[in-house]
1. So which of ASP56, ASP93 ends up being in a helix (DSSP H, G or I) and more than 17 Å from the chain's Cα centre (by Cα)?
2. Being open to solvent by 20 Å² or more (accessible area, probe 1.4 Å), hydroxyl-bearing (Ser, Thr, Tyr) and not in a helix (DSSP H, G or I) is the requirement here; does THR85 meet it?
3. In the stretch 38-63, what residues are within 15 Å of SER17 (Cβ to Cβ), of a type in the set (Ser, Thr, Tyr) and surrounded by fewer than 22 Cβ atoms within 10 Å (Cβ to Cβ)?
4. Kindly check whether there is at least one residue in the stretch 64-80 that is assigned to a loop (DSSP other than H, G, I, E, B) and surrounded by fewer than 18 Cβ atoms within 10 Å (Cβ to Cβ).
5. Counting just the residues of the stretch 93-137 that are in contact (Cβ under 8 Å) with a residue 40 or more places away in the chain and β-branched (Val, Ile, Thr), which one comes out least open to solvent (accessible area, probe 1.4 Å)?
6. Being part of a strand (DSSP E or B) and farther than 21 Å from ARG20 by Cβ is the filter here; which residues of the stretch 105-147 pass it?
Amino acid sequence: MTMTTERMMTDERVPSSPARLSLAPAGAPPGLLDGAWWPRSRDLFHELPALTDRLDGCWGRITRVTVNPTHWPVIPPKVPVTGHTVHVGWFMDEQDPHKLILLSYTAGRWDLLVIPPETSAASAARLMSAAATPGSLLTASRLMADEDAIRDAAEDRGQESEWDTEGGAAPPPLRHPIGHLTPAQER
């Protein structure tokens with residue numbers, strides 16, 4: 001796998017769309033995840049500022065982020081965000097590939113499911129809800145695997161339905177109970 005960890009930094013950044021985010025309610029029982037983030041691309045340099053803009057106010061200033069490089073083609077070491085810089089690190093084996101860890105010096109750590117940008121809106125809504133469920137013990141990878149199973153089952157049902165409407169399999173032959181005559185035999 002090829003991974004780039006450097007990127008030219010500039011003080012200017014292009015305004016990005018608001019982060020698509022779902023968080024567990026404040027004061028809820030802790031779970032393995034604190035919510036979900038659905039970025040619009042796999043560009044951390046562009047996506048992180050919108051995420052930190054949403055979270056700095058409610059969680060305190062985000063100072064560090066870690067990811068698994070499996071789904072991020074470029075991992076910049078630093079990302080300028082509103083009013084400060086976020087340091088970005090990565091862990092290949094130690095961190096779930098579908099999780100982003102956010103750290104704040106003043107408020108602690110939060111773990112978010114990262115929903116792939118190409119995910120459909122319906123799947124993303126299910127994942128965002130599941131990841132923000134208070135006290136949930138499902139990992140990020142487990143949530144993604146469960147969603148893949150739901151999608152695969154729906155595709156299978158759609159293919160079976162299409163097969164049936166196109167003529168599909170022949171209907172099973174009519175069976176007559178033993179001892180009963182068919183209409184042809186009654187004559």
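The values are calculated or read from the model by the stated rules, or taken from the named source; none is laboratory data. Everything numeric here is computed off the predicted structure, so don't read it as measured data. Cβ: placed from backbone, ideal geometry, glycine included. Neighbour counts: every protein chain shown. All accessible areas refer to the heavy atoms of the entire protein, side chains included, with ligands and DNA or RNA removed. Shrake-Rupley method; radii C 1.70, N 1.55, O 1.52, S 1.80 Å.
1. Unique residue meeting the criteria: ASP56.
2. Here the answer is yes, as THR85 does meet what is asked.
3. SER41
4. yes
5. Checking each candidate, the answer is ILE115.
6. GLY108, ARG109
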